[in-house]
Amino acid sequence: MKQLKVTLETITPLFLGGANPRGDPELRAPSFRGVMRFWLRALLGGVVGDNPQEIFKRESAVFGSTEHASPVVVRVNHQLPQPVGYSKLTANKTGLAYLLFSARGTRTEPEREAVPAGQTLELTFQFRSGSQDDLSLKAVLASLWLLTRFGGVGSRSRRGGGNLQVLSVQGEVPSSLPSLQLGAKTPSELQKELTQGLSQLRQWAAETFNGSLQPKFSGQPEFDVLHPDFCKIWVVDRTFNKWDEALNEFGSIMQRFRQRRKPDYENIKSAIQGGSKFQTVERAAFGLPIVFFYGSLYRDYLQKFKGQGLDEKESQRRAREMASAELEGTKHDRRASPLIVRVIKLANGKHALVLLRFIAPLLPSDERLKLRHNNREILANQPDDSILREFLEQVKKQLAPLLEVTGW
């Protein structure tokens, strides 16, 4: 039985829980299988085109399905250190706190704890004997390369959480695939390395899975695919001394851009105060769901309920309910953000940011946005993606130029 051992380092804190997401962090093999499967599917989609059945068939040959087991056995070996909580991670870093906000504590739940940055873990892959040995090995290496350049593991992985990189590899690594270990020392070198690696992987995938570098698409794909027409990648042309410095600056730009943004801010506030309709919510293009909360309305409602003789706790509960609303789709309550930010640790120890934007519909064309507030539902149209382009322009102006990864 072939075996591959990969030692990884956590570049940013990893929020990954077990049965209790807000309990102690747990590093579990199914979580790694899941994200690796996602990146293999994205790679396959970029060479197979509009053929979901064929893509599922190919990915299932590597990672299994309900009909047959995977030929790849994944194990995680680690010694978990003392976890670090959200509040300690984000102290005096408002931009980082904004990116990782769902890990904060709430009135009813404790804050989440993470595996700190700078920790090591080992993934062991064993390949059951059979005719698919070589295919499974290369598919695992390809998905790992993509995961450790563009993705993350666990909660907030599209906002810089759970970024991992390869420290060492034990086992056979075919020369036809890019190295799992990063060699770039500058943002421009990273740009070139990403271009070369993506080109190699797409060439391998097209040859192996009977695909094409120019597959046919009838329109925007309904899922995330790694194809130059439907995926844009940039390296921020600036280095940072620490991972949290990089994410904090990026998060601060995003926070300033999105907070109190017109017309969303006024539209939602009007709806909460009794309005019955609005055209769209531009911020939905960043992903769903979105929770809105208006502090000024909360204070007004709090005084109102206290004036009605309600006790402090009940007044707070009702005021919070009246001052907040949640936006989702009419059929889907979640849509992962099409914009991914991740931290790369360069070979010289400095840190860089990589941005990846998938171009795909926010929701199916027959679906609308739904704002839920106080037992009411208000429908609106889906937005276009112009807000994402505008945000990236702000990143260029406020953070650093963006080096686009092209030619892959």
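The values are calculated or read from the model by the stated rules, or taken from the named source; none is laboratory data. Since the structure is predicted, the reported quantities are computational estimates derived from the model, not experimental observations. Backbone-built Cβ (ideal geometry, glycine too); neighbour counts: all protein chains shown. Side chains are part of the model used for accessible areas, which takes the heavy atoms of the whole protein and leaves out ligands, DNA and RNA. Shrake-Rupley method; radii C 1.70, N 1.55, O 1.52, S 1.80 Å.
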(request) Any residue in the range 20-34 that's surrounded by 13 or more Cβ atoms within 10 Å (Cβ to Cβ): show its pairings with residues that are in a helix (DSSP H, G or I) at Cβ separation under 9 Å, as long as the two are six or more apart or on different chains. (result) Arg22/Ala103; Phe32/Leu147; Arg33/Phe63
(message) Taking the conditions exactly as written (aliphatic (A, V, I, L, M) and in contact (Cβ under 8 Å) with a residue 24 or more places away in the chain), does Ala142 satisfy them or not?
(response) yes
(message) Can you say whether Gly197 is on the phi > 0 side of the Ramachandran plot and open to solvent by less than 10 Å² (accessible area, probe 1.4 Å), as far as the supplied structure shows?
(response) no
(request) State all residues of the range 256-281 that are part of a helix (DSSP H, G or I), under 24 Å from Leu388 (Cα atoms) and open to solvent by 40 Å² or more (accessible area, probe 1.4 Å); if no residue qualifies, say none. (result) Arg256, Tyr265, Glu266, Asn267, Lys269
(request) Please give the helices (runs of 4 or more DSSP H) falling wholly within the range 61-170 in which 3 or more residues are hydrophobic (A, V, I, L, M, F, W, C) and open to solvent by less than 10 Å² (accessible area, probe 1.4 Å). (result) 133-150
(message) I need the full set of residues from the range 189-238 which are of a type in the set (Asp, Glu) and either out of contact with any strand residue (DSSP E or B) (no Cβ under 6 Å at 6 or more places or on another chain) or in a helix (DSSP H, G or I) (or both), in order please.
(response) Glu189, Glu193, Glu207, Glu222, Asp229
(request) Enumerate the strands (runs of 3 or more DSSP E) found wholly within the range 282-377, keeping only those where 1 or more residues are open to solvent by 40 Å² or more (accessible area, probe 1.4 Å) and either closer than 30 Å to Thr239 by Cα or in contact (Cβ under 8 Å) with a residue 24 or more places away in the chain (or both). (result) 290-293, 324-329, 339-345, 369-373
(request) Would you mind finding the one in Glu207, Glu222, Glu193 that is among the acidic types (Asp, Glu) and in contact (Cβ under 8 Å) with a residue 40 or more places away in the chain? (result) Glu222
(request) State yes or no: is Gly183 assigned to a loop (DSSP other than H, G, I, E, B), at pLDDT 95 or above and either crowded, with 19+ Cβ neighbours inside 10 Å or of a type in the set (Gly, Ala, Ser) (or both)? (result) yes
